[in-house]
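This report refers to the structure that appears directly beneath it.
The values are calculated or read from the model by the stated rules, or taken from the named source; none is laboratory data. This one's a predicted model, so the numbers in the text were calculated from it and none came from an experiment. Virtual Cβ from ideal backbone geometry, glycine too; neighbours counted across all protein chains shown. Protein only, heavy atoms only, side chains kept; ligands, DNA and RNA dropped before computing areas. Shrake-Rupley method; radii C 1.70, N 1.55, O 1.52, S 1.80 Å.
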Amino acid sequence: MSGWEKLKIALTQVLGLENCNIPMICEGGAALYVPSSEQITYVKEPFDKDIILSILKPESFRIEPGKLSCLSLYPQPGYTVNILYETIMGRIDNEALGLDISTSAAAVDIVPKGANKAGAIRILEKEYGILASNSCCIGDSRNDLSMFEVCKYGACPNNASEIVKENASYISSYNNTRGVEDILKKFSLKFGLD
């Protein structure tokens, strides 16, 4: 079982969403995952990750396992997110390769160009009739900001990055999964859901 499969199972179980028919936005907006059917839809086709991996020293990073369409690189001791990012940006033409490269506090994230969370929200609107203008999104990193721009409410756990907190309409007093659980409870009451 891949890291991604373990994460989706753990998250859906912790939050009680195993039977949810509404897609979750995953992999930086590059994929949609429906827990009830375990269906994965790619917003954009996966890219050749070896293009990026070949320009970095193997000892400089570790890859978040299990991701299919997004490449998340975590710096190893002696390296930083900024060092990895600058190395990549200095050695490739991300425009020509059709890639979007961003950073969070912990990693460099690389997705196919146009695969972002706002784009995934637009797919949810088109294919599932879920209106961003009446939705709450939850995020904790810079790559969540595009989603905050299109949804009515943007919420985050207490340990989100400062820029996310500055853009959030609700900040949970809890961290991590407990914060997500708190947000889901608050907004399910707000929208009149059980």
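Of the numbered criteria (1) among the small types (Gly, Ala, Ser); (2) in a helix (DSSP H, G or I); (3) open to solvent by 20 Å² or more (accessible area, probe 1.4 Å), the one Ser102 fails is (2). Of all residues in the range 165-180, how many are charged (D, E, K, R) and at positive phi? Number of matching residues: 0. Of all residue pairs spaced 6 or more apart or on separate chains, those with beta-carbon atoms under 6 Å, a first member in the range 106-122 that is in contact (Cβ under 8 Å) with a residue 60 or more places away in the chain and a second member that is polar (S, T, N, Q) and open to solvent by less than 20 Å² (accessible area, probe 1.4 Å) are Asp109/Ser72. Residue count for the range 57-69 under the criterion of being closer than 19 Å to Pro112 by Cβ and either crowded, with 17+ Cβ neighbours inside 10 Å or in contact with a His (Cβ under 7 Å, 6 or more places away or on another chain) (or both): the result is 3.
Of all residues in the range 54-84, those satisfying the criterion of being at negative phi and touching a residue at least 60 places away in the same chain (Cβ under 8 Å) are Glu64, Pro65, Lys67, Leu68.
Every listed requirement among (1) part of a helix (DSSP H, G or I); (2) in contact with a Cys (Cβ under 9 Å, 6 or more places away or on another chain) is met by Leu124 save one, (2).
Of all residues in the range 119-134, those being surrounded by 14 or more Cβ atoms within 10 Å (Cβ to Cβ) and either more than 17 Å from the chain's Cα centre (by Cα) or of a type in the set (A, V, I, L, M, F, W, C) (or both) number 7. Taken over the range 141-183, the criterion of being at pLDDT below 90 and open to solvent by 70 Å² or more (accessible area, probe 1.4 Å) is satisfied by Arg142, Asn176.
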